[in-house]
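Trainee: Got a structure for you, questions after.
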Amino acid sequence: AGEALEYDVCVVGGGPGGYVAAIKAAQLGLKAICVEGRGTLGGTCLNVGCIPSKALLNSSHKYEDATKHFADYGIQVDNVAIDVPKMMAQKEQAVGGLTKGIEGLFKKNKVKYVKGWGKVTGANEVTVATSEGGEEKVVAKNVVLATGSEVTPLPGVQIDEERIVSSTGAIALKEVPKKMVVIGGGIIGLELGSVWSRLGAEVEVIEFLPNIVPAMDHEVRRNFERVMKKQGIKIRLKSKVTSAVADADGVKLTVEPAEGGEQEHMEADVVLVAIGRRPFTEGLGLEDLGIEMDRGRVLVNDKFQTNVPSIHAIGDVIPGPMLAHKAEEDGIACVEHIAGKVGHVNYDTIPSIVYTHPEVAWVGKTEMELKSEGVKYKTGKFSMMANSRARTVDETDGIVKFLADKETDKILGVHIMGSNAGELIAECVLAMEYGASSEDIARTCHGHPTLSEAVKEAAMATYDKPIHS
Ligand code: FAD
């Protein structure tokens, strides 16, 4: 056993929650250490999530442009071909640069980094099985659990990461499958389905629920579903996969209606299981300490403390949206509390983004949520078709929809489908953080010609008429 160390904060997990918490702790003058088992920093997000998926979305988008759209602009290209290993190498380069970058940030901020798997062995103690094979005990005034999440398995379907893959295998395929079945019409399934569809795979999404991406506003979703189908992605709703068996030739699937009924057999080269993610706490020793959990999630108070006050938890492992930017906000607020300051995360203004093309982004309530809560609201909509920048860059598939309080005009939700929706939503998140009205956005000067003018005009439409429609 190694020597016992004294730290102010020991963060277990080096994902966007954990590494941000560790850096912020150090910036606040606390002695911080971060324990990470996977060998690289950045967690799910940088290694196998947000970053590699966005790299492949970018490459596949460029390929699709070259094969399908360049000709529309008078650009002639012949013999466009796809080199999957090279595409993967570019992705690895983006990932490697960023994960190494965090190591650099740790050094700069004097955060100690220990490679190994941590187990909480006391209210102030983490025991690390180090990557070198030894054991190290870390004694810390505060422990922050940031162990993230893992793929939710599907009963009857064995993931081998070759033919039956999770998102991790789907971002590392060696060749373009002829047919890919995606189980689960959520954000991850649609993003990765888009990647392979653009590269030439026949993609079919099988979703148990009556809708894809259930959290999306119904009206935007209708548009989004239409666009996905137009791009060639087949979507089968209210259906469940009851078995998928891989052999050397591919995968044989059995599908039936969600409520049960007649079975159907399908074949695919690759099946992507993307039914969701669940908190990861394996081997952490939380049961021994009596840490309160709810369906696998670690429960915390508004200072991110568990029922053992020195042990905190943040990110995907606690309740709330399982998103990298939410994990980061948790991390900062958590260590601000530890440092004796005030930290707060407003879970009502966490943006959600689908990085398909066009993108979909939203913040706040959907129209259906407002209806079911009995809130009186008004809507303002603007089509990207009427936005001059969207026309010039040929990105007219899209809509901006504002939901504002009927009496006060306070913004309650904004839903955007369109190119760069993920960037456009930022001003709406800020507006909501400030408790702004839609008129506040409408009376703010937006640059011309920009896509953001569509946001301004949709805001205008909630209380007045937009100019361009
Ligand atoms: P994680 O990132 O999961 O990090 C936890 C880390 O803890 C891991 O590295 C793990 O190895 C380590 N760990 C676990 N247990 C231990 C232990 N006992 N000891 C030491 N280390 C341990 N979110 C977005 O916001 N935008 C996106 O575009 C996006 N795209 C995604 C695409 C895919 C394909 C996937 C799978 C996810 C995506 N996400 C996205 C979700 C995002 O990755 C997570 O919400 C985010 O990574 C959660 O951060 P975290 O720090 O809580 O946990």
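Trainee: Considering only the range 346-404, state which residues are small (Gly, Ala, Ser) and within 24 Å of the chain's Cα centre (by Cα).
Mentor: Result: SER352, ALA361, GLY364, GLY398.
Trainee: Let me ask you something else. Any residue in the range 45-63 that is within 16 Å of GLN231 (Cβ to Cβ) and among the aromatic types (Phe, Trp, Tyr) sitting within a Cβ distance under 6 Å of a residue that is within 7 Å of the ligand (Cβ to nearest atom) and outside any helix (DSSP H, G or I)? List the pairs, counting only those 6 or more apart or interchain.
Mentor: Correct list of pairs: empty, since none qualify.
Trainee: Another one. I'm told LEU430 meets every condition in (1) in a helix (DSSP H, G or I); (2) in contact (Cβ under 8 Å) with a residue 12 or more places away in the chain except one. Can you identify the failing condition by its number?
Mentor: So LEU430 meets the others, but not (2).
Trainee: Would you be able to say whether some residue in the range 192-201 is surrounded by 23 or more Cβ atoms within 10 Å (Cβ to Cβ), within 16 Å of the ligand (Cβ to nearest atom), in contact (Cβ under 8 Å) with a residue 24 or more places away in the chain and aliphatic (A, V, I, L, M)?
Mentor: yes
Yes or no, residue by residue, for (1) small (Gly, Ala, Ser); (2) within 13 Å of the ligand (Cβ to nearest atom); (3) closer than 26 Å to TYR113 by Cα:
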| site | (1), (2), (3) |
| --- | --- |
| VAL35 | no, yes, yes |
| GLY39 | yes, yes, yes |
| GLY42 | yes, yes, yes |
| ILE51 | no, yes, yes |
| HIS61 | no, no, no |
| ASP72 | no, no, no |
| ASP83 | no, no, no |
| MET87 | no, no, no |
| LEU98 | no, yes, yes |
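Trainee: Next up: Taking the range 350-399, which residues are farther than 17 Å from ILE187 by Cβ and among the polar types (S, T, N, Q)?
Mentor: Scanning the range 350-399 gives SER372, THR379, SER383, ASN387, SER388, THR392, THR396.
Trainee: Which residues, taken from the range 306-321, are buried (at least 19 other Cβ atoms within 10 Å of the Cβ) and either part of a helix (DSSP H, G or I) or not β-branched (Val, Ile, Thr) (or both)?
Mentor: HIS312, ALA313, GLY315, ASP316, VAL317, listed by residue number.
Trainee: Please go through the range 50-90 and give me each residue that is surrounded by 17 or more Cβ atoms within 10 Å (Cβ to Cβ) and of a type in the set (Val, Ile, Thr), ordered by number.
Mentor: ILE51 - this is the single residue of the range 50-90 that is surrounded by 17 or more Cβ atoms within 10 Å (Cβ to Cβ) and of a type in the set (Val, Ile, Thr).
Trainee: Given the conditions (1) near the ligand (Cβ under 10 Å from one of its atoms); (2) in contact (Cβ under 8 Å) with a residue 60 or more places away in the chain; (3) part of a loop (DSSP other than H, G, I, E, B), report the number of the one that GLY29 does not fulfil.
Mentor: Just one mismatch for GLY29, condition (1).
Trainee: Filter the range 406-426 down to the residues that are of a type outside the set (A, V, I, L, M) and under 19 Å from ALA386 (Cβ atoms) and list them by number.
Mentor: HIS415, GLY418, SER419, ASN420
Trainee: Looking for whichever is under 24 Å from LYS24 (Cα atoms) and under 27 Å from the mean Cα position of the chain (by Cα) here; the options are VAL95, VAL157, VAL151. Which one fits?
Mentor: The unique qualifying residue is VAL95.
Trainee: For residues that are in contact with a helix residue (DSSP H, G or I) (Cβ under 8 Å, 6 or more places away or on another chain) and assigned to a helix (DSSP H, G or I), scanning just the range 415-427, find the one that is surrounded by the fewest Cβ atoms within 10 Å (Cβ to Cβ).
Mentor: Here the answer is GLU427.
Trainee: Tell me the residue from SER131, SER149 that is closer than 30 Å to VAL9 by Cα and in contact with a Pro (Cβ under 6 Å, 6 or more places away or on another chain), please.
Mentor: SER149
Trainee: Suppose the filter is over 22 Å from the mean Cα position of the chain (by Cα) and of a type outside the set (Val, Ile, Thr); does ALA248 pass it?
Mentor: Yes: the conditions hold for ALA248.
Trainee: Inspect the range 277-284 for any residue being closer than 30 Å to ILE399 by Cα, modelled with pLDDT of 95 or more and surrounded by 14 or more Cβ atoms within 10 Å (Cβ to Cβ) and give the result as yes or no.
Mentor: Among the residues of the range 277-284, at least one is closer than 30 Å to ILE399 by Cα, modelled with pLDDT of 95 or more and surrounded by 14 or more Cβ atoms within 10 Å (Cβ to Cβ), which makes the answer yes.
Trainee: If you don't mind, another one. All but one of (1) over 23 Å from the mean Cα position of the chain (by Cα); (2) crowded, with 24+ Cβ neighbours inside 10 Å; (3) within 27 Å of THR356 (Cβ to Cβ) hold for PRO16; state the number of the condition that does not hold.
Mentor: So PRO16 meets the others, but not (1).
Trainee: I'm trying to understand the selection: among the residues of the range 125-168, which are within 15 Å of the ligand (Cβ to nearest atom), among the charged types (D, E, K, R) and either within 22 Å of LEU46 (Cα to Cα) or in a strand (DSSP E or B) (or both)?
Mentor: GLU125, GLU135, GLU136, LYS137, GLU150, GLU161, listed by residue number.
Trainee: Continuing with the same structure: Under 8 Å between Cβ atoms, which residue pairs at least 6 apart in sequence (or on different chains) link something in the range 150-167 that is free of Cβ contacts under 8 Å to residues at least 40 places away in the same chain with a partner that is surrounded by fewer than 21 Cβ atoms within 10 Å (Cβ to Cβ) and part of a loop (DSSP other than H, G, I, E, B)?
Mentor: What qualifies is GLU161/ALA172.
Trainee: Among the numbered conditions (1) touching a Phe, Trp or Tyr at 6+ places or on another chain (Cβ under 9 Å); (2) more than 18 Å from ASN223 (Cα to Cα), tell me where GLU369 comes up short.
Mentor: Every condition holds for GLU369 apart from (1).
Trainee: Right, another one. Does any residue of the range 325-343 turn out to be away from the ligand (no atom under 16 Å from the Cβ), free of Cβ contacts under 8 Å to residues at least 40 places away in the same chain and out of contact with any Phe, Trp or Tyr (no Cβ under 9 Å at 6 or more places or on another chain)?
Mentor: There is at least one residue in the range 325-343 that is away from the ligand (no atom under 16 Å from the Cβ), free of Cβ contacts under 8 Å to residues at least 40 places away in the same chain and out of contact with any Phe, Trp or Tyr (no Cβ under 9 Å at 6 or more places or on another chain).
The values are calculated or read from the model by the stated rules, or taken from the named source; none is laboratory data. Keep in mind that what you see is a predicted model, and the values were worked out from it rather than measured. Every residue, glycine among them, receives a Cβ derived from its backbone with ideal geometry; neighbour counts consider all protein chains shown.
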